[in-house]
Amino acid sequence: MTATHHLWQPAPTDLTLLPDEIHVWCIDLDQPESQLQNLAATLSNDEMARAERFYFQEHRQRFIAGRGILRTILGRYLGMKALEVQFNYQHRGKPVLADRFADSGLAFNLSHSQGLGLCAVNWTREIGVDLEYIRPISDLEALAKRFFLPREYEMLRSLSPNQQQEVFFRYWTCKEAYLKATGDGLSQLEQIEVLLTPTEPAKLQITEDWSLFELVPANNYVAAVAVGNFGWDLKCWQH
């Protein structure tokens, strides 16, 4: 596996985000009931209404945990309580900081899969993160043929079934992280070429300057972070 097994550490009490840093937070979405109540108290009315629309309790609880912990994390950078953080929503429902925080320059993106979430944070640059739990897909090659470019599809077909699953999700997270950073939808998935092999880290095959980081936040998970420009120092925190 070529994705970086970064050491996920507890964040320091005097947390500082430098201009050349990206902070990636690993979030446990399966929180005890007492903690869920505390987190729910930080959510806005529209967030609680959205939580109540989930049919399964597990999904409702994970949404509350993810959004509450996101508020806690962003509050640390903004110097305010989680309850005071406010969001706007882009046309696909992507949360961004409300206009009143625009001057802060803080940029973030959130992804979740199963019981884990990832939040990527930096100053001023577009940033995207995608997290996927590696799971069996019955029509993996058909999906790859539909969404991947010919060179990517052929590389995937050359691998053993076990390798195929992992590489499929590596391709997917890299493409999705970039599209989330740029604000483009999944319809553009087959427009973004990623160069990778089972033994080499991924690279975006695009003309613009973008950094791409692959991460392994836990066993059977892969993740990617895409951010504009080069020269970033990546730090990984465990919430």
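Within the set E166, E208, E132, E154, the sole residue that is out of contact with any Cys (no Cβ under 7 Å at 6 or more places or on another chain) and in a loop (DSSP other than H, G, I, E, B) turns out to be E208. Taking (1) farther than 18 Å from G228 by Cβ; (2) within 16 Å of the chain's Cα centre (by Cα); (3) not basic (K, R) in turn, D130 satisfies each apart from (1).
Taken together, the residues in region 88-105 that are in contact (Cβ under 8 Å) with a residue 40 or more places away in the chain and surrounded by 14 or more Cβ atoms within 10 Å (Cβ to Cβ) amount to 1. Selection of first residues in region 146-157 that are more than 14 Å from P198 (Cα to Cα) and of second residues that are among the hydroxyl-bearing types (S, T, Y), restricted to Cβ pairs under 7 Å at least 6 apart or on distinct chains, gives the following pairs, ordered by first then second residue: F148/Y171.
Can you confirm whether region 206-220 contains a residue that is farther than 30 Å from T13 by Cα, crowded, with 20+ Cβ neighbours inside 10 Å, at pLDDT 90 or above and not assigned by TED's automatic domain parsing to the domain that holds D28? Checked against the condition, which is being farther than 30 Å from T13 by Cα, crowded, with 20+ Cβ neighbours inside 10 Å, at pLDDT 90 or above and not assigned by TED's automatic domain parsing to the domain that holds D28, region 206-220 yields at least one hit. Filtering region 182-191 for residues that are of a type outside the set (D, E, K, R) and either modelled with pLDDT of 90 or more or in the same structural domain as F108 (by TED's automatic domain parsing) (or both) leaves an empty set. Of note, F63 satisfies the criterion of being under 17 Å from the mean Cα position of the chain (by Cα), surrounded by 11 or more Cβ atoms within 10 Å (Cβ to Cβ) and of a type outside the set (S, T, Y). Can we say R157 is modelled with pLDDT of 90 or more, touching a Leu at 6+ places or on another chain (Cβ under 7 Å) and closer than 20 Å to P136 by Cα? Against the criterion (modelled with pLDDT of 90 or more, touching a Leu at 6+ places or on another chain (Cβ under 7 Å) and closer than 20 Å to P136 by Cα), R157 does not qualify. Taken together, the residues in region 46-94 that are aromatic (F, W, Y) and under 29 Å from I22 (Cβ atoms) amount to 4. Considering only residues in region 130-145 that are in contact (Cβ under 8 Å) with a residue 60 or more places away in the chain and aliphatic (A, V, I, L, M), the one that is nearest to F108 (Cα to Cα) turns out to be L131. Quick check on region 71-81. Is at least one of its residues without any contact (Cβ under 8 Å) to a residue 24 or more places away in the chain, surrounded by 11 or more Cβ atoms within 10 Å (Cβ to Cβ) and under 19 Å from the mean Cα position of the chain (by Cα)? For region 71-81, residues without any contact (Cβ under 8 Å) to a residue 24 or more places away in the chain, surrounded by 11 or more Cβ atoms within 10 Å (Cβ to Cβ) and under 19 Å from the mean Cα position of the chain (by Cα): present. For region 80-114, the set of residues classified as of a type in the set (V, I, T), part of a strand (DSSP E or B) and in contact with a Ser or Thr (Cβ under 9 Å, 6 or more places away or on another chain) is empty.
For G117, are the conditions met, namely being modelled with pLDDT of 95 or more, part of a helix (DSSP H, G or I) and touching a Gly at 6+ places or on another chain (Cβ under 7 Å)? Judged against the criteria, G117 is not a match.
The values are calculated or read from the model by the stated rules, or taken from the named source; none is laboratory data. A quick note: this is a predicted structure, and the numbers were derived from the prediction, not measured. Using ideal geometry, Cβ is built from the backbone for each residue, glycine included, and neighbour counts are taken over all protein chains shown.
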